[in-house]
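Novice: Below: one structure in structure tokens.
The values are calculated or read from the model by the stated rules, or taken from the named source; none is laboratory data. Small disclaimer: the values here were computed from a predicted structure and weren't measured. Please note: Cβ atoms are built from the backbone with ideal geometry, for glycine as well, and neighbour counts cover all protein chains shown. In case anyone asks, the SASA skips ligands and DNA or RNA and just uses the protein heavy atoms, side chains included. Shrake-Rupley method; radii C 1.70, N 1.55, O 1.52, S 1.80 Å.
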Amino acid sequence: MAIDLKGLSDFLKGGPIVGLRRTRAATRATMLVERLWPLVLPLVIAITLFVSLSWLGVFRILPDWPRLGLMALFAIAALAALWPLRHFRRPGAGEVDRRIETANALRHTPLRSQDDRLAGKDDPFAAALWQEHRKRLARDLRSLKGEFPRTGVPDRDPWALRAIAPLLLVVAFAYSLGPGGGSLTDGFLAAAGPQTVPPRIDAWVTPPAYTGKAPLYMTADANQNQNHFTVPEGSVVAVRVTGGSGDERLSYLDAHTAEETAFEPATPTAPATASSRAGAAHTVSQFSGPLSADGLLSLRRGDDGEEITNWSFTVTPDDAPQIRFAEEPTRAVNGALQLTYEIEDDYGAVSAQALFEPADPASDARPLYEAPEMRLTLPRRRGDEIVARTSRDLTEHPWAGTLVDLTLEADDGAGQTGRSGTERITLPERPFINPLALALVEQRQLLALDANAKQRVLDLMDAITLWPEETIPELTHYLGITAARSRLDEATSDDQLRDVVDYLWEIAVTIEDGSLTDAERRLRMAQEALREALEEGASDEEIEQLMAELREAMQEFLREFAERAMQNPEQAMPMPQNGQEMRQSDLERMMDQIEELAKSGARDEAQQLLSQLQDMMNNLQAGRQQQQQDGGEESEMRQQMDQLGEIMRRQQELMNETFQMQQGQQQPGQQGQQGEQGQGGQMSPEEFAEAMRQLQEGQGQLRQDLQSMMEALEGMGLQPGEGFSESGEAMGRAGSSLGEGQGERAVGEQGQALEALRRGAQDMMQQMQQAMEGEGGGQQPGGRSRQGADRDPLGRPRATTGPDFGDTVRVPDEIDVQRARRILEAIRKRLGNALSPELERDYLERLLEMR
């Protein structure tokens with residue numbers, strides 16, 4: 001029977017053919033799965049088990065023969081699983097159609113009927129009848145459906161043992177992601193022996209702590225490409241090898257001497273806690289040694305000396321510190337020894353001191369006291385500053401006043417010492433004016449420098465007390481001296497002799513300066529205690545307690561100082577620091593800075609600031625003695641200053657009288673106003689000439705007084721300035737103008753004379769200040785400084801002595817007077833304008849009242 005494809009295509013072109021194709025394709029795929037999956041399943045299970053065992057690391061831990069046997073077993077299983085595939089047969093078209101007809105319960109085989117053709121001769125009626133039959137069968141093909149595969153595997157494996165393989169695969173995959181997981185190639189690789197882990201090398205250099213440099217890690221990532229390093233002398237290199245063979249060696253080859261030094265392990269080689277996968281233990285070897293010269297550091301292993309790595313070093317030498325005098329040793333105003341010096345070192349000195357030795361020591365002397373100790377303040381480490389200054393009061397030491405050799409010594413962190421040149425100086429001593437006190441101090445020094453001079457000191461004390469009515473006016477002083485003499489006579493040991501030396505000093509100080517107040521003593525003790533605490537590195541709590549004591553002592557001293565200045569302004573102490581004004585708030589701020597620096601660890605800076613504070617206090621404490629020494633000279637200078645002030649006052653009065661008289665003659669209409677100024681009514685020409693003659697005589701007398709004052713200044717060693725000469729010339733011209741009746745011209749010349757007097761006064765004050773500074777003072781006569789003359793050294797306003805030379809008030813000259821007169825005339829003219837606003841008129845009237 002032939003198939004009429006054309007007729008079937010024309011019948012089914014409305015859409016059923018597309019659905020039929022899809023159904024046939026799905027049915028064919030279902031049949032393929034049903035036939036192939038039971039045949040392939042054994043192979044899939046075998047592959048799954050192989051992959052699972054590989055990921056679980058079974059093949060990695062198995063020895064070679066068991067591994068090969070297991071691999072052979074999997075190969076046989078795979079081949080056996082492939083053997084049933086020979087029975088596989090793809091489904092044909094007829095089988096697919098029958099599966100579709102069966103699945104859809106179609107009767108009369110409609111799919112296969114569509115492919116049939118009429119046999120025999122062409123019969124139109126039969127063809128039409130056949131065509132109608134095919135159409136009716138095709139109606140059943142519009143809703144065809146397929147089936148799911150039915151492999152029959154569950155029937156063969158009712159216990160579902162096949163599910164073990166995928167579950168094991170999932171677990172093995174998760175395990176393979178960990179450190180113990182295996183790979184798919186482990187079954188094909190031979191078992192590896194113990195794995196050799198590359199050793200870990202850590203190398204670093206630790207510079208000396210005093211250099212302030214951080215350790216250098218040579219094996220850090222930043223230094224991987226660097227093999228040459230520069231390190232300070234005294235650095236220590238350390239190399240640690242972890243996981244090596246244990247036979248590593250470290251040696252250093254000196255680049256200058258070609259001598260190789262082996263560094264022994266710092267600790268014995270020991271197994272580490274971690275182990276490799278093969279179970280071998282790691283070892284740790286550590287070496288360390290100093291780097292003293294340029295060279296090459298090499299790390300080797302094995303008997304053949306195989307080099308693992310190396311590093312080369314350039315060692316920067318650490319030179320000894322250098323210390324030298326920057327200025328000659330000087331004596332402060334309070335007698336303290338002031339040293340200004342320079343210290344240079346590669347990384348900064350750690351300590352410095354002044355060494356004293358007797359200039360001419362006696363061979364048979366037995367001194368009771370060692371040389372005084374004087375620690376030196378170090379320069380600041382930050383920056384390039386190398387100059388430092390230290391002030392220390394050694395006047396109480398028995399060596400004070402003796403000739404000594406002074407040498408400065410500085411030490412660095414490496415233990416190296418540097419010394420300066422030797423200066424021969426006389427240690428500053430406290431000056432004693434009282435003869436009795438001076439004698440006791442001399443006896444004290446004699447005994448302190450040689451204990452063998454005990455008998456001589458006793459004889460001298462007997463001589464002092466031989467006639468006490470004449471030599472010792474105070475009974476308490478006599479009793480003190482006799483007590484000291486008895487203690488000296490009974491002294492048998494050096495400690496007892498030292499007690500006598502200290503007692504003699506106390507008696508001498510009491511006799512010489514019994515007025516030294518408790519506040520001054522307490523301030524000195526507080527400063528000294530804080531200085532020693534800073535040098536010895538005291539704790540923050542101790543520093544805080546000492547700062548509180550210093551603040552209390554400072555407050556007490558300043559209170560006493562202010563009371564003394566108010567009671568006796570003439571003897572007020574000089575301005576410290578060359579006349580620079582120092583306020584109480586400045587002192588408090590300095591003390592706060594000292595405490596903050598000490599607590600932050602900057603002890604050197606704190607000591608420097610404390611030294612500056614001591615200098616300021618030294619200047620204040622030395623003020624009374626300086627005033628007593630300079631009192632006579634200042635009194636004479638003050639007289640000249642008072643005379644100069646009187647001359648300037650008289651010149652001002654002459655200029656005012658001349659100006660008023662001239663105005664009275666030029667403006668007769670304003671006599672009412674001028675009468676208030678003392679001129680009275682209009683003068684006749686004869687009266688005016690007589691008045692001008694009297695003014696001329698007064699001007700001439702004033703010029704003679706100025707000349708006498710200039711001669712007196714020359715007698716005091718001061719050179720009168722050009723201002724005084726110009727003032728004398730202007731006075732002479734003013735006298736001539738007054739004699740000629742030229743009052744207006746005389747006023748101008750008198751103003752010039754007054755201005756020249758002011759300049760001369762300023763020049764004289766500068767000369768006096770320089771003279772006082774040359775003698776150690778920082779003030780001008782009269783107790784006033786060029787800076788802050790109206791304030792005391794603590795910045796408080798105070799009354800001054802002596803005249804005011806116009807430094808703060810400027811004397812008006814002729815131009816100023818004329819300008820003021822024009823301003824007053826303009827104000828009066830504006831007030832006379834009736835059109836001026838009321839507010840403006842009130843303002844102008846207030847200006848006239850202010851005049």
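Novice: If a residue must be open to solvent by less than 60 Å² (accessible area, probe 1.4 Å) and of a type in the set (Asp, Glu), how many such residues does the stretch 309-320 contain?
Specialist: Residues in the stretch 309-320 being open to solvent by less than 60 Å² (accessible area, probe 1.4 Å) and of a type in the set (Asp, Glu): 1 in total.
Novice: OK, next. Take residues that are over 23 Å from Tyr210 (Cα atoms) and tell me which of the strands (runs of 3 or more DSSP E) falling wholly in the stretch 379-430 contain 2 or more.
Specialist: So the answer is 387-392, 403-411, 423-426.
Novice: Going through Tyr369, Tyr347 one at a time, which residue ends up being at pLDDT 90 or above and either among the aromatic types (Phe, Trp, Tyr) or open to solvent by 80 Å² or more (accessible area, probe 1.4 Å) (or both)?
Specialist: Tyr369
Novice: Now, a different point. How about the stretch 321-344: which of its residues are in a loop (DSSP other than H, G, I, E, B) and surrounded by fewer than 17 Cβ atoms within 10 Å (Cβ to Cβ)?
Specialist: Ala326, Glu327, Glu328
Novice: Let me ask something additional. Does the stretch 222-254 hold any residues that are open to solvent by 20 Å² or more (accessible area, probe 1.4 Å), at pLDDT 85 or above and aliphatic (A, V, I, L, M), and which are they?
Specialist: Selection gives Val236, Leu253.
Novice: So which residues in the stretch 680-721 are farther than 19 Å from Thr658 by Cα and free of Cβ contacts under 8 Å to residues at least 40 places away in the same chain, if there are any at all?
Specialist: Gln704, Gln707, Ser708, Met710, Glu711, Glu714, Gly715
Novice: Return the pair list, or none, for Cβ contacts closer than 9 Å from residues in the stretch 348-362 that are among the hydroxyl-bearing types (Ser, Thr, Tyr) to residues that are surrounded by fewer than 22 Cβ atoms within 10 Å (Cβ to Cβ) and part of a strand (DSSP E or B), at least 6 apart or on different chains.
Specialist: What qualifies is Ser351/Arg375; Ser351/Glu409; Ser351/Asp411.
Novice: Could you say which residue among Asp384, Asp412 is among the acidic types (Asp, Glu), buried (at least 19 other Cβ atoms within 10 Å of the Cβ) and more than 24 Å from Ile511 (Cα to Cα)?
Specialist: Within the list Asp384, Asp412, the selection yields Asp412.
Novice: Please indicate, with yes or no, whether at least one residue in the stretch 524-532 is in contact with a helix residue (DSSP H, G or I) (Cβ under 9 Å, 6 or more places away or on another chain), surrounded by 14 or more Cβ atoms within 10 Å (Cβ to Cβ), farther than 18 Å from Leu609 by Cα and modelled with pLDDT of 80 or more.
Specialist: Checking the stretch 524-532: not a single residue is in contact with a helix residue (DSSP H, G or I) (Cβ under 9 Å, 6 or more places away or on another chain), surrounded by 14 or more Cβ atoms within 10 Å (Cβ to Cβ), farther than 18 Å from Leu609 by Cα and modelled with pLDDT of 80 or more.
Novice: Any idea which of Leu189, Leu168 is open to solvent by less than 70 Å² (accessible area, probe 1.4 Å), at pLDDT 80 or above, farther than 30 Å from Ala25 by Cα and of a type in the set (A, V, I, L, M, F, W, C)?
Specialist: Leu168
Novice: Look through the stretch 148-165, keep the residues that are assigned to a loop (DSSP other than H, G, I, E, B) and not acidic (Asp, Glu), and return whichever of them is most open to solvent (accessible area, probe 1.4 Å).
Specialist: For the stretch 148-165, the residue satisfying everything is Trp159.
Novice: Okay, moving on. List, please: which pairs have Cβ atoms under 7 Å, are six or more places apart or on different chains, and start with a residue in the stretch 479-501 that is assigned to a loop (DSSP other than H, G, I, E, B) and end with one that is among the hydrophobic types (A, V, I, L, M, F, W, C) and crowded, with 17+ Cβ neighbours inside 10 Å?
Specialist: Partner pairs satisfying both residue conditions: Ala491/Leu497; Ala491/Val500.
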